[in-house]
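For reference, the structure is listed below as structure tokens.
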Amino acid sequence: MSLIGEAKLNILLTLREEPSYGYELQRELGLNRGTVYVHLDELREAGMIEVDRVEDDTKYYRLTENGEQLLDALGE
């Protein structure tokens with residue numbers, strides 16, 4: 001049993017590598033647009049990710065310390 005869904009886990013793992021934005025995550029992970037933005041909002045509200053920077057109205061997200069700790073606890 002997983003405490004976090006596969007899509008959210010993959011978003012966190014991707015953001016562990018480097019900051020990214022919604023469309024790039026959508027394309028890289030094969031998620032639909034609605035799904036990726038719902039997950040990004042939920043992960044941000046949970047304190048697992050945060051906005052790293054905004055460039056030309058594009059939000060780049062990065063993993064927070066809490067997100068890193070969650071991945072460590074999950075053995076990822």
Net charge of Cβ neighbours under 12 Å - reference Arg44; Lys, Arg +1; Asp, Glu -1:
-2
So if each residue of separation counts as 0.36 nm, and I subtract the Cα-Cα distance between Asp72 and Ala46, what length gain in nm does that give?
7.7 nm
Using amide H atoms built 1.01 Å from N in the peptide plane, name the residues 5+ places from Tyr61, or on other chains, whose amide H lies under 5 Å from its own.
Ser20, Tyr21, Asp52
Quotient of C-alpha Rg and 2.2 N^0.38 Å, computed over the chain:
1.01
CD proxy at 222 nm, helix term only [per DSSP H run n ≥ 4: -39500 (n - 2.57); per residue of the chain; nearest 500]:
-16500 deg cm²/dmol
Please list the non-local residues whose amide H lies under 5 Å from the amide H of Ile49, H modeled 1.01 Å from N, same-chain partners needing a gap of 5 or more.
Arg44, Thr64
Helix by helix through the chain, keep the DSSP H runs that span 15 Å or more along the axis on Cα and average at least -1.0 on Kyte-Doolittle, and give those back in order.
6-17, 33-45
Point-to-point label distance, Glu28-Glu55, nm (Cα→Cβ direction, 7 Å offset)
1.3
Calculate the length of the line joining the C-alpha centroid of segment 56-72 to that of segment 1-42, in whole Å.
10
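Quick note: the coordinates plus some simple rules give every number you see, no bench work behind them. What you see is a predicted model; the values in this text were computed from it and never measured. Heads up, the Cβs are rebuilt from the backbone with ideal geometry, glycines too, and the neighbour counts pull from every protein chain shown.
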